[in-house]
Structure formats: structure tokens, C-alpha cells
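Here the structure comes first, spelled out in C-alpha cells, and everything after it is commentary.
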Amino acid sequence: GGYEGDELMKINIDIYSLANKLGANIWEQYGHDEMYQLADRIQQNIDGTLSDLPDEFLTEWISFLDKHGYDGEDQLFISSPRYLDSPELLLTRLRQNVGTGIRDPADIHREQVLKRRQVMNQQLDTALAQRYTRPFRPSRIRRRNEVLEHTMWTRNAPKLHLAKVIGVLREAVLQIEKELIEANRLAHTGDIFHLDLEEVDKALVDETFDLMQLVRPRMIAYERARKATECPLLVDSRCRILRPDPPNRDNVEKGTLIGTAVSPGIATGRVRVMKSPNELFERGEILAATVTSPAWTPLFSGASAVVLQIGGALQHGALCAREYGLPAVSNINVHNDLKTGMLAEVNGNTGTIKILE
């Protein structure tokens, strides 16, 4: 980790900067479920009907939405809300980046860049010391270092730029949905995402086409799927979930969960099991989720550790944990073995979690 120019890290740095342009006294006025009230207040300040928020914050707010308004939860899904059309999502992220104990991602990033470069230079020094027996190794390491330095920062760029395109498409789809709702052909915001493009196109030329007849059963199936706590990686012909053999628990202390180490370090904290980055999360807690995406990244600045259900060392949560210097363990049955409020120790060196209480 730690590459200059990483677009995802730039977003996280901008989130921290924007969050801290608003005084703590204002954040304290709103609970986690009241961010929509603050969003309304911000919009009224922008419109000029109110003038009780700092101009510096309002200017940066407008700039942030102009640059990053396409971002949000699950950016590659056109149905997922964006900061631009659901500013309460952005405010939830901002709130998680204010208060004591929250480090500036810019400082963390600089430290990670320095640490990476030190390791790369140490590897080059070792190769130079061995150049008489391995003459080609120094040039290979120099070349590798140059390639990593000048290309690795792009690793998040393709996804973010695709998210921008999908964000533009979402704006167009929402406008069509608004017209269909006004015509009483759809009932609620979000209904259009239960339709495919051919069905929407047909509805636009055929006013007799009953959209809700298609939407209702799909909504039922969608709500049923949302209640699932596991997405099986492998099932057999009888729909039985196939899982790997459990880890060897010989000589394992009671109350210890065995997973896979994906980011080094040891930390203790209260567990917070989450299904969405929009849920309440307090500073110092252990972030426990099935998997994370870039929308979860702002939570890492206040987390003490990360526990994930699926994925290896190259998944998003593991990469971000290393960027932020947090211990992380994967391959833990998060929704069955962990409960919100548990006190636990996460050991990212050994891949174990010890339940303390």
C-alpha cells in the first residue's frame, strides 16, 4: 500500500477535510438517523433561505459533490444511491470522520508511502550487496520499483471511472422513473430498478403496459434475498452449501476463532457487525462485515480492526486495512460467530480472533 495519486485515497482525504470544516457543535445536534435533517439544512443554506453554516464548509460541500457526487454505496450498481441524489449518505461518512482519535487519512497515506519506499530501498540495498553473485538482480529490482511507483496508483481508477459513467446513467434513469411515478405507472422511488431496459423502453412507447405487474413479484424476491446473511460460493445440485473442512482446532484456546491473516497488527475493541456502511459505527470499534467496497473506506479511519467473512489478501477490505495500518482477519463467519457489542482481540499476525467477553 501507499502510492501517491490513488484516486480512492484522494476521495477519503477530501471526506475528512470536508467533515472537519463543520464544527463539532453542529455534528452533535444530529443523531445517526437524522442526517437527512442536516442535508435539508445544508441545502437551505445553499439556496439562501438559511445562513447558519460556515461558508467554507458550503463551498467545499458544493465542490465535493461536483467532483465525487457519483460515489456512494456499491457504485457499480445503477440502483445504488449516490451522494449527489442522497446527500444523507455522504453526511453519514463525514460524521464518521470527526472527533478525537480520528487521524487524517492524508497523514496515514504519507506514512504508508514512506514505509513502502523504505522497504523497497532496503530490498535494493540487499541486492546491491549481492551484486557480485547475482549481477542482474539490482537492475531488476530498480525496474520493478519504478513500475510499481508509476503504475500502482491506478489500481482503483478503472472502477471509479466506470462508477462515474454509471452515475450519469443513473441520473437519466431516475428522471424516467420520476415521470412514470407522476403518471401513476410506478408506485415508489426505486421501482424502476426491478425492470430491465427492454421493459422500460416498451413502457415509454406503450402506455397500456402494466409495469407494476412485473415489479411486485420481483420486489418480494428482492426483499427475501436481502434477509440472507450468507452468499454461498459453492452449492451442489440439491442446493446444499459446500464449505471447506473446518480448521484444525487442536491446542486452540476456547473462545478463539481461526481465520486468515490479511493485515498485520493486534487490536482490541467492541465488535460492530454491519451489513451496510450506512449503519451506525462508533470510533474504536471492530468493523465486522461480509465484505467491503470503496464505500466502506471512510469507516476505516475510526476502526480499531477489521474482520471479514470472505476474500483474501488482495480484496478491498484487506488492502484498505493495510493502507490504514489496521489489523484484519478474513474467513470468519461474521454473522454467526460474532455479535455486536462483543469485546474481542483481533490478531492480524496469526489470523485469529479471541472473544474476551
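Descriptive notes on the structure:
- Each of Arg272, Arg82 has its accessible area taken with a 1.4 Å probe; listed largest first, they run Arg272, Arg82.
- In terms of distances greater than 21 angstrom between alpha carbons, the cross-link table entries Lys227/Lys254; Lys202/Lys227; Lys159/Lys227; Lys21/Lys164; Lys10/Lys115 yield Lys227/Lys254; Lys202/Lys227; Lys159/Lys227; Lys21/Lys164.
- Antiparallel %, DSSP beta bridges [both residues in the chain], to 5: 65 percent
- Gaussian network model of the chain, Cα within-10 Å springs - most flexible of Asn97, Asn45, Asn331: Asn45
- Highest-MSF residue in the chain out of Pro298, Pro232, Pro81 [GNM, Cα springs under 10 Å]: Pro232
- The heavy atoms of Trp27 offer some 10 square angstrom of accessible surface to a 1.4 angstrom probe.
- Across the chain, the relative contact order, built from alpha-carbon pairs under 8 Å that are at least six residues apart, equals 18 percent.
- For Arg218, solvent-accessible area (1.4 Å; no DNA, RNA or ligand), Å²: 80 Å²
- In the set (1) 32, 24, 20; (2) 38, 30, 17; (3) 38, 28, 24, the label that goes with semi-axes √(5λ) of the Cα gyration tensor in Å computed for this structure is (3).
- Contact order normalised by residue count of the stretch 30-82, Cα under 8 Å, 6+ apart, percent: 17 percent
- Dividing the summed -39500 (n - 2.57) terms of all DSSP H runs of n ≥ 4 by the residue count of the chain sets its mean residue ellipticity at 222 nm at -14000 deg cm²/dmol.
- Cut-off 11 Å between beta-carbons: net charge of the residues surrounding Thr49, Lys and Arg +1, Asp and Glu -1: -2
- Accessible surface of the chain, 1.4 Å probe, proportion on carbon and sulfur as whole %: 53 percent
- Each residue, Val205 and Thr350, gets one label point 7 Å from its Cα in the Cβ direction; the gap between the two is 6.7 nm.
- Placing a label point 7 Å from the Cα of Ile78 along the Cα-to-Cβ direction, the residues of the stretch 129-163 whose backbone N falls under 14 Å of that point are 163.
- Of all aspartates and glutamates in the structure, those lying under 14 Å Cα to Cα from Lys339, and not within fewer than 8 positions of it along the same chain, are Glu285, Glu357.
- Remark: relative contact order (the stretch 199-357) = 26 percent; criterion is Cα-Cα distance under 8 angstrom and separation of 6 or more residues.
- Averaged per residue, the stretch 22-118 has 50 square angstrom of accessible surface, using a 1.4 angstrom probe with ligands and nucleic acids left out.
- Choice from Ala228, Ala289, Ala19 with maximal GNM fluctuation in the chain (Cα, 10 Å cutoff): Ala228
- Computed FRET value (nearest 0.05) for Leu162 with Ala228, which takes r as the C-beta separation and R₀ as 25 Å: 0.40
- Taking a span of 20 Å or more along the helix axis (Cα atoms) and a mean Kyte-Doolittle hydropathy of at least -1.0 as the rule, the DSSP H helices of the chain that qualify are 105-129, 157-182, 211-226.
- The modelled label-to-label distance between Thr256 and Arg270, using points 7 Å beyond Cα along the C-beta direction, is 2.7 nm.
- Comparing Leu211, His150, Ile176 along the charge dipole axis of the stretch 136-266, the residue lying farthest to the positive side is His150, per the Cβ-charge model.
The values are calculated or read from the model by the stated rules, or taken from the named source; none is laboratory data. Keep in mind that this is a model prediction, so the values were computed, not measured. Virtual Cβ from ideal backbone geometry, glycine too; neighbours counted across all protein chains shown. Just so you know, the surface numbers come from the protein's heavy atoms only, side chains and all, with ligands and any DNA or RNA stripped out. Shrake-Rupley method; radii C 1.70, N 1.55, O 1.52, S 1.80 Å.
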